[in-house]
Amino acid sequence: MPQSASSSVQQARQTLANRLRELVRDAGLEGKDLAALCGWHPSKVSRISTAKAQPSADDIRAWCRACGAESQAEDLIAWLRAVEGMWVEWRRMERTGLKRAQESVQPLFERTRWFRAYSSWLVPGLVQTHGYTEAVLRAVQRRRVPIDDVAEAVAVRMERQHVLYEGQRRFAFLIEESVLRSGYGDADTQAEQLERLSSLVDGELPHVSLGVVPTRLERARMPVEGFGIYDKAQVSVELVSGYLTITQPSEVAAYADTFATLADMAVYGNKARALITRARNSLV
């Protein structure tokens, strides 16, 4: 699994390594003994027990068998799968096309009642127009996905927007002012998307708020990655190389605090509409 800047992933890896190391200690073994029993080089045991290398499911089974703790193998393998699920490379998520990747996150949106999203480079998916979504996903497909199922993927993302209109849900979106000039699609596509944002600023959906963070020279430096917060349980971060899922409460809280800080810097209502109108006029 690729190294991630997030301590959530590293902490989960370390927890697994600690549990494996405890099995060795409880069995009265040393690392070299375990290596001999498993038929491994001692350095492999050292790398796994210090979280420098991630074991496979077979490694865990062999480890537990050597320690006389076979009953714990499946629980540890389940933990391994959880760690692997924290980080997914785009090439793995999108190997069968964009439609499947879009469908994979649908259950998460369905069960979320309070969704917050910050974006510094494009309009959040839940409030994208059809044309804008098509332009975004087409750009993704051309860059990294050999399968062309853009039309199907767009349909899935558009269908997902039903959560905006159903159930007792709340949504808060924050975008950087630069997003208003993101350049996806042609002028007509951009104009349609800006009109959509204007309608949200005007209160078309009372349970949906949209703030625009103005570009200011004196502004404090903030993170550049986009993220979504699902209730208080999970954060998803889209990075250049993959999709990071964060569930550690302290880190979820850190993203919530960052969102609150950005929300205080954003403008709403008439001021937000003025920025959107300025971007719209620049298309002419």
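The values are calculated or read from the model by the stated rules, or taken from the named source; none is laboratory data. On a predicted model such as this, the values are computed, not experimentally measured, just so you know. So basically every Cβ, Gly included, is an ideal-geometry build from the backbone, and we count neighbours across all protein chains shown.
Limited to segment 71-128, what total is found for residues that are among the aromatic types (Phe, Trp, Tyr), assigned by TED's automatic domain parsing to the domain that holds Ser182 and more than 14 Å from the chain's Cα centre (by Cα)?
2
Can you go through Val123, Val105 and tell me which one is under 25 Å from Ala191 (Cβ atoms) and surrounded by 17 or more Cβ atoms within 10 Å (Cβ to Cβ)? Please lay out each step first, then the result.
Numbers: Val105 fails: under 25 Å from Ala191 (Cβ atoms).
Of Val123, Val105, the one residue that is under 25 Å from Ala191 (Cβ atoms) and surrounded by 17 or more Cβ atoms within 10 Å (Cβ to Cβ) is Val123.
Determine if segment 145-161 includes at least one residue that is at pLDDT below 95, buried (at least 20 other Cβ atoms within 10 Å of the Cβ), out of contact with any Phe, Trp or Tyr (no Cβ under 8 Å at 6 or more places or on another chain) and not hydroxyl-bearing (Ser, Thr, Tyr).
Checked against the condition, which is being at pLDDT below 95, buried (at least 20 other Cβ atoms within 10 Å of the Cβ), out of contact with any Phe, Trp or Tyr (no Cβ under 8 Å at 6 or more places or on another chain) and not hydroxyl-bearing (Ser, Thr, Tyr), segment 145-161 yields at least one hit.
Give Ala69, Ala82, Ala135 a once-over and let me know the one that is touching a residue at least 24 places away in the same chain (Cβ under 8 Å), in contact with a helix residue (DSSP H, G or I) (Cβ under 9 Å, 6 or more places away or on another chain), under 19 Å from Ser182 (Cα atoms) and not polar (S, T, N, Q).
Working: Ala69 fails: under 19 Å from Ser182 (Cα atoms); Ala82 fails: under 19 Å from Ser182 (Cα atoms).
Only one candidate passes the filter, namely Ala135.
Can you name the number of the only condition in (1) farther than 29 Å from Arg181 by Cβ; (2) of a type in the set (A, V, I, L, M); (3) buried (at least 20 other Cβ atoms within 10 Å of the Cβ) that Leu98 fails?
Single failed check for Leu98: (1).
This table checks each residue for (1) more than 19 Å from Val123 (Cα to Cα); (2) of a type in the set (S, T, N, Q); (3) not assigned by TED's automatic domain parsing to the domain that holds Ala135.
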position: Val163; (1), (2), (3): no, no, no
position: Arg196; (1), (2), (3): no, no, no
position: Ser199; (1), (2), (3): no, yes, no
position: Val208; (1), (2), (3): no, no, no
position: Arg216; (1), (2), (3): yes, no, no
position: Gly228; (1), (2), (3): no, no, no
position: Val240; (1), (2), (3): no, no, no
position: Ser250; (1), (2), (3): yes, yes, no
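Which members of segment 46-61 meet the condition of being in contact with a helix residue (DSSP H, G or I) (Cβ under 6 Å, 6 or more places away or on another chain) and crowded, with 18+ Cβ neighbours inside 10 Å?
Ser49, Ala51, Pro55, Ile60
Based on what the data block shows, is Leu283 at pLDDT below 95 and in contact with a helix residue (DSSP H, G or I) (Cβ under 7 Å, 6 or more places away or on another chain)? Break it down into steps so the answer makes sense when it comes.
On the way: at pLDDT below 95: yes; in contact with a helix residue (DSSP H, G or I) (Cβ under 7 Å, 6 or more places away or on another chain): yes.
When the stated conditions are applied, Leu283 passes them.
When you scan segment 56-160 for helices (runs of 4 or more DSSP H) that lie fully inside it, which ones turn up with 1 or more residues that are within 30 Å of Gly28 (Cβ to Cβ) and of a type in the set (A, V, I, L, M)?
Numbers: elements: 57-66, 73-86, 90-93, 98-104, 106-111, 130-144, 150-160.
Per the criteria, 57-66, 73-86.
If a residue must be buried (at least 16 other Cβ atoms within 10 Å of the Cβ) and either outside the structural domain of Ala82 (by TED's automatic domain parsing) or under 26 Å from Ser250 (Cα atoms) (or both), how many such residues does segment 20-44 contain?
Count: 2.
Does Glu152 satisfy the criteria of being without any contact (Cβ under 8 Å) to a residue 12 or more places away in the chain, among the charged types (D, E, K, R), out of contact with any Pro (no Cβ under 8 Å at 6 or more places or on another chain) and closer than 29 Å to Trp90 by Cα?
Numbers: without any contact (Cβ under 8 Å) to a residue 12 or more places away in the chain: no; among the charged types (D, E, K, R): yes; out of contact with any Pro (no Cβ under 8 Å at 6 or more places or on another chain): yes; closer than 29 Å to Trp90 by Cα: yes.
When the stated conditions are applied, Glu152 does not pass them.
When you scan segment 194-204, do you find a residue that is buried (at least 19 other Cβ atoms within 10 Å of the Cβ) and without any contact (Cβ under 8 Å) to a residue 60 or more places away in the chain, even just one?
Checked segment 194-204: no residue is buried (at least 19 other Cβ atoms within 10 Å of the Cβ) and without any contact (Cβ under 8 Å) to a residue 60 or more places away in the chain.
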